[in-house]
Ligand SMILES: Nc1ncnc2c1ncn2[C@@H]1O[C@H](COP(=O)(O)OP(=O)(O)OP(=O)(O)O)[C@@H](O)[C@H]1O
Ligand SMILES: Nc1ncnc2c1ncn2[C@@H]1O[C@H](COP(=O)(O)OP(=O)(O)OP(=O)(O)O)[C@@H](O)[C@H]1O
Ligand SMILES: [Mg+2]
Ligand SMILES: [Mg+2]
């Protein structure tokens, strides 16, 4: 499924009749009048599908800002669910035009696709039950090999937590973070680790059952995944984001920013397109 | 009664009394277990309307949306299952006929294919169907329903066609040799004998096995849920409980739907068999052998 | 009885040999059956009677020798073999009615699919034949709903529907309850009277006496004796035939 | 023949009734069999012969009536029933030899497990019995390796090994090829001569004439006629028996 | 294919984890399946009905749904064990229904005449069962039971997606999406791993079948 977002945020102004150089991705999309965007459907604050089938969140709003600049209104955006493990594939396969899905920029991924952005700097952190005093950060995991931590199959956090583990058996993997959150709430795992903003979403939904502990121990710049080597599209996205500061802030505040203790971020410096 | 006769003698008064006592004890134990289960559910507030409302109370605000999702899920599950079933029965029959009529050299590659497809977990085949095919450049997205649906159908077809082939072959082989001979003696060609006499009977004999395999196909559509996005029943259940945070209730309803569909399928098979039974028992003893085959490939 | 012979025999087996693996089940069989002749084949179990019967329409292939039917050599495969088989009726010990078809469909299937008759013609003729063997009232039932004797009579009607030149019977009554044996034998006797050429493997000596022109006694894959029934039963020449008759007749 | 009767009958059935669902398969059967008596039960298919035979060792439970064997009422279950059954030998139409045991093991199983004989004793006696029925050479084979006639003779030896007071035979020859029928009937005839009490359901009229003291004719779940064989075959009183005999004998 | 050779140790670990899932489930489903079969053929009506209910439920529910209940439903009710335990539990519950049916149809395939002959000799219930019925049932049970178990071995792959981690299936998932290998070679490696298990089991089964085969 997929669908258009409702009035969750103030809609960015849709460009009237944008002009693009012929042959570029932008020209194609503008001509076509629709865009297919991969995002997560299970991540409160960034991309969550509600019962009506609409997706809501910061990633969704970012996609809308970019689409607007292409002359595509929100209802013409088709959102496709892309869990962590399949993001490169759908880009390579041309099933989506871009992926905005809490997508950490790294070199391994750059071998298969290109990134625009980053549009947000996240960092990996640890979430535990509110009454848990035992875990104070990733290092607690090494100290007590009985503790378990959950993350998502194929995600960077799953790889990055490994050095902090005494035993690989401490790591439980699911294909969605929401399953990790369920397992935390029913006591099957002791902690969940991933990017702090994702965790914040769960914390705010949990009515005080969950909390974040320790400092963030990695840097996770979120980028927009696009077809490898599409430099023009990359630059277009970077320019668009830079030019829409206000919409960017509003996007944050109406979604992930509603979580307690979340500050409105500055748009980070874009990395060079390649 | 016939089921028991191999194990038990005709009952006398003592045996009847023992059975009565056993009945009471069993009922008490089952009731006690049920009581414990229900109490645990109550303790954990699993009967609260907050958790059940969206599923069973039409007045609940989420009710319509939830059942719309479930409805789509049922349609999508049935679509994938139905197409895969038809394809695998057709291809399976062709393979079976080929294997029955080819000489030894022609049979060997077929047997190899059968062994390979049967040796792999379906979930691995589904992965190949929906992920790997895409990666190696096989584009199915042009087909109605898209890449994932057809990848899934393809995987289920490959896995199940070889099983159907075995079932049909076993069915043909279970017929008395005389059926084929009588057909040939009447002047039919091999093809006519297969088409007019053997296959129709094999399908009847193997109906239980075929149906239980269809149930397997239907259940296996849910494997796609943690491999790719196809909004079949299980995936829809996941997205409902993500929003409502009521996994037990949601998946109870989902499980119930699966059981209802599959149970209906099996009952349908029984009904058809009973109707045929009245029309004329088949030439082979049906129950045991076919049940065995059904069980064989069922899991 | 010689009057029935007009020139060429209808079925001719010359030098037939057959092996099942190492087992030499048919050894140098020579046999000619004339038009209208009724031949009963008897012999101990395993002597090759069924195999002999089944080679005549090539349900079993032979390893050596030649079989001709109505002057034509038995084809080895394909459409020609199917065509020839349609001229040879066969009745099995276990009836082998098609379980998924009604009695009427059993009888019309061959005429419609093989002889390409119209459904109406085939059904008309089928009903006549079913009446003739005395099961006309059962036409719309399924085989499993009939008694063994009735099923076997349907099987005879099914074979007759193809207007065969010769009919083969392989122990047609040995799967039947004693009360039903006679109803089948009666049909066969009347067929014999009407001049049908028949080869019948059976243990029913009464039928052999009553209806056969010739009795062929087999043992160990060979034809040991071949004589008119009266001669054979009263005065068998070989020891093996004597021994066999004593076993089978003294109760 | 009355000399054989010494007081109390060995098997006595009084007012036996049995239903299968709505089907009244045994209706008010009264029957006494004396020590050493050989009774042959005949009748059309479905008349209840097998059921009658099977009630005598309670393979079928009865709904009304009383069965006594050697003066003792047939127990309904448990060890007492098992003990009584060990005194009643039974031979089935389909032999029912234990497929996973050798011939010798088939015959020794009962004596060892039920009569608690030593293995050596049981085997010695088993070999004697196998020799007596003429299959001594097959002792170490498995049932599937024997012909039907041989299997049935082993089944008789198996029953005899328990030294039964009475033997029940349910169509012991009707699954056999014609040549093998006599080898089984011969064993049964010699048993009868040796004074064994026997109840035999069979269609073999020769055996009935030769070995039976009495013929019981059943139809529709009732005993319709009961007479000495000579009387019964030459001069049956009931129409149903006449009809049945005419069907079965005229070929 | 360097995806496989470079990560051979990960594959070996995955293979061993899958094997241990399989072995635990094998024991569990045989024991539970036999118990359910015993109640299905018992003369006590409620037990028979319970057995039928069990079989109907677990034969008609997808394994995935059973596993969802075990991994997320049971903890929700306050039962906390490792995901490995829940995975094996789900697989055992599901497979027990099929084991039960294989055993039951094996018992039913023993001709009633065999038991009647045994009873006629005066053998008691337990002698009849032990000397005649079960030895023969065993021979017919082996092939279908073997197939059911091999199907279970294959189904163990599904368990890997429910938090168990480190089995053959999730090794594939880790290598492709976290370490960025191509899917084709990685999953050919996974497939080979499962083929080693299923083909070996199939061969063993054939040997066993031949051992218990009966001449009829
Ligand atoms: N398909 C076969 N494969 C191997 N051996 C066979 C086959 N069919 C028959 N035989 C063997 O060939 C011999 C002759 O068999 P056939 O059935 O012709 O004998 P028969 O005289 O009809 O005996 P019966 O009276 O028992 O029907 C027997 O020894 C039999 O075991
Ligand atoms: N277990 C059963 N359940 C229901 N009906 C049965 C059962 N066994 C036998 N019958 C029916 O009871 C009647 C008598 O059967 P029985 O087998 O005693 O007849 P029979 O005289 O031995 O016949 P046959 O000569 O065919 O062996 C038949 O109508 C039969 O269909
Ligand atoms: Mg024969
Ligand atoms: Mg009977």
Residues in the range A:29-45 that a label on residue A:78 would reach, taking backbone N under 18 Å of a point 7 Å out along Cα→Cβ: A:29-41
Equivalent-ellipsoid semi-axes of the range B:72-276, from the Cα gyration tensor, Å, largest first: 36, 22, 12
Inter-centroid distance (Cα atoms) of the range A:198-274 relative to the range C:67-146, Å: 81
Compactness of the range B:104-198, expressed as Rg and Dmax over alpha-carbon positions, Å: 18.5, 55
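Can you tell me the FRET efficiency between residue B:36 and residue A:146 if r is taken as the Cβ-Cβ distance and R0 is 41 Å, rounded to the nearest 0.05?
Details: r = 29 Å, r/R0 = 0.71.
Taking R0 as 41 Å, the efficiency between residue B:36 and residue A:146 is 0.90.
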Equivalent ellipsoid dimensions for chain C as semi-axes, Å, which come from the Cα gyration tensor, largest first: 29, 22, 17
Teacher prompt: residue D:27 distances to equivalent labels in other copies, 7 Å Cα→Cβ, nm: 5.8
Listed peptides B:178-188, A:28-38 by packing density, highest first (mean Cβ within 10 Å): B:178-188, A:28-38
Inter-copy separations for residue C:73, label at 7 Å along Cα-Cβ, nm, ascending: 8.1
Helix A:58-69 axis, angle to chain A major axis (alpha carbon atoms, nearest 10°): 10
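So how do D:191-197, D:235-241 stack up, highest first, on mean other-Cβ count within 10 Å?
Result, highest mean first: D:191-197, D:235-241.
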Dmax and Rg, reported as Rg then Dmax, of the range C:73-133 (C-alpha, Å): 12.9, 36
All-pairs Cα distance distribution in the range A:229-274, expressed in whole percent, bin size 5 Å: 5, 21, 23, 17, 16, 11, 6, 1
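Residues of E:185-191, mean number of Cβ from any other protein chain within 10 Å of their own Cβ, rounded to a whole number? All intermediate terms of the calculation are to be shown ahead of the outcome.
Details: counts 1, 2, 7, 3, 0, 6, 8.
Counting Cβ atoms of other protein chains within 10 Å of each residue's Cβ and averaging gives 4.
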Pairs of alpha carbons in the protein assembly as shown whose separation is greater than 48 Å (percent): 48
Fewest-first ranking of C:53, E:70, using other Cβ atoms within 10 Å as the exposure measure: C:53, E:70
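With a ≥ b ≥ c taken as the square roots of the eigenvalues of the C-alpha gyration tensor of the range E:107-153, please select rounded if a/c is under 1.5 and otherwise prolate if a/b is larger than b/c or oblate if it is not? If you can, show how the numbers build up before the last one.
Working: a/c = 4.79, a/b = 2.94, b/c = 1.63.
Prolate shape, in that a/c is at least 1.5 and a/b is the bigger ratio.
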FRET efficiency for residue C:24 and residue E:199, using Cβ-Cβ distance with R0 set to 60 Å, rounded to 0.05: 0.90
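Please pull out the direction-averaged projected area of the range B:3-44, using the convex hull of its alpha-carbon atoms, in nm² to one decimal place.
Numbers: hull surface 15.7 nm².
Across all orientations, the range B:3-44 yields a mean hull projection of 3.9 nm².
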Distance between modelled label sites at residue C:246 and residue A:112, nm, 7 Å Cα→Cβ extension: 9.0
Dmax and Rg, reported as Rg then Dmax, of chain A (C-alpha, Å): 18.6, 60
Rounded Å value of the spacing that divides the Cα centres of the range B:63-86 and the range C:180-212: 64
Square roots of five times the Cα gyration tensor eigenvalues for the range E:2-215, Å: 39, 22, 11
Peptide C:84-94, shielding by other chains (average Cβ, 10 Å cutoff): 4
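Please state, as a whole number in µm²/s, the translational diffusion coefficient that the Stokes-Einstein equation yields for the range D:1-107 at 20 °C and 1.002 mPa s, with Rh defined as the Kirkwood radius across alpha carbon pairs.
138
Where both residues lie in the protein assembly as shown, what percent of DSSP beta bridges are antiparallel, nearest 5? Intermediate values should be presented prior to the final figure.
On the way: 59 of 106 bridges.
The answer is about 55 percent antiparallel.
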Between the range D:216-251 and the range A:134-192, the alpha-carbon center distance in angstrom: 89
Candidates E:50, E:15, E:83, ranked by Gaussian network fluctuation over chain E, Cα under 10 Å, top entry: E:50
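If you take the Cα Rg of the range E:132-216 and divide it by 2.2 N^0.38 Å, with N the number of residues, what do you get?
Details: Rg = 17.7 Å, N = 85, 2.2 N^0.38 = 11.9 Å.
Dividing the Cα Rg of the range E:132-216 by 2.2 N^0.38 Å gives 1.49.
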Chain D: angle of helix D:178-193 to the longest principal axis, Cα-based, in degrees nearest 10: 90
Stokes-Einstein diffusion coefficient of the range B:180-274, Kirkwood radius over Cα pairs, 20 °C, 1.002 mPa s, in µm²/s: 130
Order of C:10, B:156 - criterion: other Cβ atoms within 10 Å of each residue's Cβ, fewest first: C:10, B:156
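Return the FRET efficiency for the residue pair residue B:102, residue C:118: r is the Cβ-Cβ distance, R0 is 22 Å, and the value is rounded to the nearest 0.05. If you can, show how the numbers build up before the last one.
Details: r = 36 Å, r/R0 = 1.62.
Once the sixth-power term is evaluated, E becomes 0.05.
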Simple spin-label estimate for residue C:80 and residue E:192 in nanometres, 7 Å along Cα-Cβ: 5.4
Max mean-square fluctuation residue, GNM over chain B, Cα-Cα springs under 10 Å, options B:18, B:177, B:68: B:18
Between helix D:148-160 and chain D: long-axis angle, C-alpha atoms, 0 to 90°, nearest 10: 90
Cα gyration tensor shape for the range A:20-154, rounded if a/c is under 1.5, else prolate or oblate: prolate
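Average partner chain C-beta neighbours within 10 Å, per residue of E:195-204?
2
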Gaussian network model of chain D, springs between alpha carbon atoms under 10 Å - residue of D:12, D:64, D:35 with greatest fluctuation: D:64
Inter-copy label distances at residue D:118 (7 Å, Cα→Cβ; nm, one decimal): 8.7
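Here, each number is a calculation from the coordinates, and none is a lab measurement. Please read all numbers here as calculations on a predicted model, not as lab measurements. Glycine also receives a Cβ, built like all others from the backbone with ideal geometry; neighbour counts cover every protein chain displayed.
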